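Engineer: This is the structure, below, for whatever I ask next.
Just so it is clear, none of the values below were taken in a lab; they were calculated from the coordinates. No experiment lies behind these values; they were computed from the predicted model shown. Cβ: placed from backbone, ideal geometry, glycine included. Neighbour counts: every protein chain shown.
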Amino acid sequence: LNPMLLAGVAAAALLFYVFFCYCWMLICRKAGKPGGFLLWVPVLQLIPLLRAAGMSRLWFLAFFVPLLNLVAQILWSFKIVQARGKNLVFAVLLLLPVANLFSILYLAFSNDNSAREKEQRRPIQIMTLETA
């Protein structure tokens, strides 16, 4: 194996990892829970991601128990998509091997729909004699 090729592959893997950590950071911020330093630590990044989804930190342990980790992953996918205010189709896409990369990118870089929805739901205020 060529050392230059190995160095190139290692550099590409590092850039890929840093980019997706940045995506996780954006998802956490847009869900209203800044991730902090733990998002950049490989295994511990689950803790802020669980917090952004509104789940208990005890679910962190569930990711290490066979079969329970599948339940935790499915539950987290649906909760993080709900926390971002997006369509539940993206939760299903988060569970699929290649589609999850595109779903992560969408959740990270898409605009926040919740502000637009709040603006549309604002009740119309009618002026009465008392408020005039």
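Engineer: Rounded, prolate or oblate: pick one for the range 1-74, where a ≥ b ≥ c are the square roots of the eigenvalues of its C-alpha gyration tensor, a/c under 1.5 means rounded, and failing that, prolate if a/b is larger than b/c, else oblate.
Structural biologist: Verdict is oblate for the range 1-74.
Engineer: Extending each Cα 7 Å along its Cβ direction at residue 70 and residue 110, get the distance between those two points in nm, one decimal.
Structural biologist: Those two pseudo-labels are separated by 2.7 nm.
Engineer: Using a Förster distance of 35 angstrom, determine the FRET efficiency expected from the C-beta separation of residue 57 and residue 10, and round it to 0.05.
Structural biologist: Efficiency for this residue pair is about 0.65.
Engineer: Within the range 1-88, list the chymotrypsin sites (Phe, Trp or Tyr not before Pro) lying in a DSSP loop whose Cβ has at most 14 other Cβ atoms in a 10 Å radius.
Structural biologist: 64
Engineer: Along the charge dipole of the range 24-102, pointing to its positive end and built from +1/-1 on Cβ of Lys, Arg, Asp and Glu, which listed residue (27, 100, 70) has its Cα farthest out?
Structural biologist: Comparing the listed Cα positions along the dipole, 27 ranks first.
Engineer: I'd like the trypsin sites (Lys or Arg not before Pro) in the range 66-99 restricted to DSSP loop residues with at most 13 other Cβ atoms within 10 Å, sorted by number. Please report the intermediate quantities before stating the final value.
Structural biologist: On the way: sites: 79, 84, 86; in loops: 86.
Filter output for the range 66-99: empty list.
Engineer: If you don't mind, there's one more thing I want to ask. Taking 0.36 nm per intervening residue step and subtracting the Cα-Cα distance, what contour gain separates residue 21 from residue 95 on full extension?
Structural biologist: Between residue 21 and residue 95, full extension yields 24.8 nm more.
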